[in-house]
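Peer 1: Just passing along the structure, written as structure tokens.
Bear in mind that the values in this text are calculations on the coordinates, not laboratory data. Quantities reported herein were computed from a predicted structural model and do not represent experimental measurements. Positions of Cβ are generated from backbone atoms using ideal geometry, with glycine treated the same way; all protein chains shown enter the neighbour counts.
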Amino acid sequence: MKTNPSLSNLFYILPIVAVILFLFLYPLAYALYISFTNMNTFHFFHYSFVGLRNYVSLFKYGYFWTLLGNTALWTVGSLLPMMALGLALSLILNQRDLKGKSVFYAILILPWAFPGFISLLVWQGLWVDPYGMMNRLVLPLLHLPPINSLTSVRGAWIELITTNVWLSFPYFMTVFYSSLQSIPNELYELADTDGAGAFTKFIRITLPSLKGTIAFVFITSFVFTWNNFYPIYLLTGGGPGISTETFTVYAYQQAFSYSNYAFSLRCPSCQPLSWL
Amino acid sequence: MRTVNRSKKGISRTTSIAIVVVIIIAVVAGVIIATRHPAPTTPTTSSSTTTTTTTSTTTTTTTSTTTTTSLAQTLMSLVGLSSPPSTPVKITVWNSYSTSENVFFNKTIAQFEQTFPWIQPSVTYGVGVGTSQFETAAKAGQAPIVYRDSSDSGGALFAAGLILNLSSYLPSSVFSQYLPIAIKDWTLNNSVYGLPDNVNYIVMFYNKHFVPTPPNTTEQLVQIAESVNSTYHIWGISYGAGDEYGYRFAAWFAGFGGQIFTTKNGVVMPALNTSAMVNALNFWYNLTYYLKVNYLAPSTGAGGAEGQLFVSNKTAIIFDGPWDLNAYLQALGPNLGAAPLPIVSSTGLHAAPFVGSTGWVVATPQASGATQLQIKAGLLFALFMTDYQSDFSLWNTAHDLPANQQAYNSAIAQINAGNLTPSYLNPVMKGILEQAQFGQKFPNIPQMAYYWNSFHQYATEFFAGKITAEQAAQGMEKAFVQALEQAGFSLLPAFALAPIEPNYED
């Protein structure tokens, strides 16, 4: 009997299908299912289907909009300065006549050299008002008022976003820098011949050439930052109140502070909805 | 052109040097830290086979063996065993003791293995108290057979049917061996679900250099804090009320006349939206923002900002538990003082901290997959770890306040005789034990699990100046009710909050 070669070829992708099924689709489907039940500490082994009750309460108590607002502020508020700083630094590093470029580059990627968790613990200490270095040294030097995440919501956001920018800008800088190096020099030389200024060259050559990179970096970083958990959890814990609480932090607290597993899982399930 | 070529290399020479320098610095820093704070040798699993008990004479060996046999027989009879089984029984143990407490634990588990050679405990060290880790393991049917937890989170596990009702397994005479407050902490619906090994609560620690006599009332507290502040230019008090989850604040709430739950027409209800809460919040707000004598510390405990300021003589008074006593003793020596929290002047009531307890619980077969024999072995383990000898040893080693009545009495006798070393520890421990007279029972009903975040959310907003104390009190009660509703607690018009019946299967 002759077997269909295209059918037999399908067997070769079975391992990856199995991996996807068990490591991705099954947990996803299970999480979605649990979000429609009343599973928590008190309905631990014997839980039942409760329909949309968990989702309704998320809207009923007004958490959804607060969390959506916070998550959007966290994501966009972090992403824009991170990308701007990354691009600016990569442009500086890309200057042909810059001396000690490698040294600068090595220094600038230092935030990457340390584990993020440890860096966050250090930042937590730096922000302590009035004893941390930020409040005792850096901010007074810049003639800026002290920042205290316990006593001010604005302060909490500044603390979070500044720390996140510090943690993340090396990634943006590196990606943009490598992309800048791939732009042919001839384009700039021709522009010089035509008498184009630095700004024109940036708008007409650099930015269009980086378009693809910017789109890629923006989309992937948007998703990453949206779901990024530990800076908020470690620095402000979502406070004051729930002023800096995002979907992910809220989901974590529901699961591991309240043991409301079903409730916790409705948040990740709601996230694609919130993107729409 | 050279520049372009160089930049196209994977890593330049300078970058490589910089990376190597960073790694060297990290390694050197690691070595320095490791040298300054030698890591305790706590294995992840152990059956303590390395600890050996040697006896110098035959007589001692005989006595020791006789005592061990007698203790083994007594405990086995309590769990309904007349003789050891013919095959070894393995039990899994989750140990949540701190480093200093583990000195006691390692010694005691060796004694346990000597007493019950047929039980083979497999211990996981460094597990935190609380429900989440246990629940995760229980979901897979792999919870430890024995676990050391706090009485409040143990209450939630019991209500969830994950730990055993010990009243069904042990005679009631066993429970009378413990302090009444400790056994109450472990009782829900007239069922005892754990055996306590200590009682714990917060007290007022003060630095005698700045505060020769501790304040008895809040008026005196304010006066002392102001005086310390103006004389020594340090903080009078460090209390991070702005980042509280309500464990320590419950003491002040009680002092202002409040209680977390109240009973109306036989129904238990949350009672946070009261003038007591408003007054307690405003009291600390005034001390922090108007009198500026309290430092709103971002972290608590000996390792947090509060403790660090206290040990470095930058604050005169903090509120912490005896679990951090060693750190304060080491730093302040004879200057360390401990006393009960003061009386709230406006009400005449003592600020009454939660008197909680930690102890040993035994998982249900559904949660751990344990056999009946393993459960009996687990019960023997819990009994052994909380008997007089062990509890007194825990007190002597780590200064945990004993929950065993006899051990507690011995500890009191030691303090009264001034036998603790160093000698200045005696008045400190006396002050700590005095606080027990003015504590409140730590609520262990499962609804309590929903108090913490409700309080935290609105207390932090209040201390951040977003809302008034009245709005905070209203908000935290509303959030508490909502959290209970979401968890599926019975919410009839009268908002019934009677503790639900545990659905344990034993």
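Peer 1: Using only atoms on other chains, find how many Cβ atoms lie within 10 Å of each Cβ of peptide A:36-44 and report the average.
Peer 2: The mean count of partner-chain Cβ atoms within 10 Å per residue comes to 6.
Peer 1: Taking every residue in A:236-249, how many Cβ atoms of other protein chains lie within 10 Å of its Cβ, on average?
Peer 2: 4
Peer 1: So for each of B:213-224, B:394-405 I average, over its residues, the number of other beta carbons within 10 Å; can you give me the resulting order with the highest mean first?
Peer 2: Averaged packing, sorted descending, gives the order B:394-405, B:213-224.
Peer 1: Under the classification rounded if a/c is under 1.5, otherwise prolate if a/b is larger than b/c and oblate if not, where does chain A fall, given a ≥ b ≥ c as square roots of the Cα gyration tensor eigenvalues?
Peer 2: Here chain A falls in the oblate category.
Peer 1: How high is the FRET efficiency from residue B:263 to residue B:470, r the C-beta distance, R0 30 Å, rounded to 0.05?
Peer 2: Between residue B:263 and residue B:470 the formula returns 0.80.
Peer 1: Taking every residue in A:94-105, how many Cβ atoms of other protein chains lie within 10 Å of its Cβ, on average?
Peer 2: 3
Peer 1: Here's something else I'd like to know. Quick check: Cα centre of the stretch B:164-237 to Cα centre of the stretch A:49-111, how many Å?
Peer 2: Measuring centre to centre over Cα atoms gives 44 Å.
Peer 1: Between residue A:103 and residue A:117, 0.36 nm times their residue separation minus their Cα-Cα distance comes to what?
Peer 2: Extra length from residue A:103 to residue A:117 when fully extended: 2.5 nm.
Peer 1: State, to one decimal in nm, how far the label point of residue B:312 lies from the label point of residue A:144, with both points 7 Å from Cα in the Cβ direction.
Peer 2: 2.3 nm
Peer 1: Then there is this: Can you give the longest run of chain A that contains no trypsin sites (Lys or Arg not before Pro) sitting in a DSSP loop with at most 15 other Cβ atoms inside 10 Å?
Peer 2: A:100-276
Peer 1: Under the Kirkwood approximation applied to all pairs of distinct alpha-carbon atoms, what is the hydrodynamic radius of the stretch A:59-128 in Å?
Peer 2: 15.3 Å
Peer 1: Something else: Looking at the protein assembly as shown, send over the antiparallel percent of its DSSP beta bridges, to the nearest 5.
Peer 2: Percent antiparallel among DSSP bridges in the protein assembly as shown is about 70.
Peer 1: Ok, one more. Rounded if a/c is under 1.5, else prolate if a/b beats b/c, else oblate: with a ≥ b ≥ c from the C-alpha gyration tensor eigenvalues square-rooted, which is the protein assembly as shown?
Peer 2: Since a/c reaches 1.5 and a/b is larger than b/c, the shape of the protein assembly as shown is classed as prolate.
Peer 1: Per residue, what volume in Å³ does the Cα convex hull of the stretch B:350-434 take up?
Peer 2: Each residue corresponds to 113 Å³ of Cα convex hull volume.
Peer 1: Could I ask something else about it? With each pseudo-label sitting 7 Å past Cα toward Cβ, what's the residue A:61-residue B:388 distance in nm, one decimal?
Peer 2: 5.0 nm
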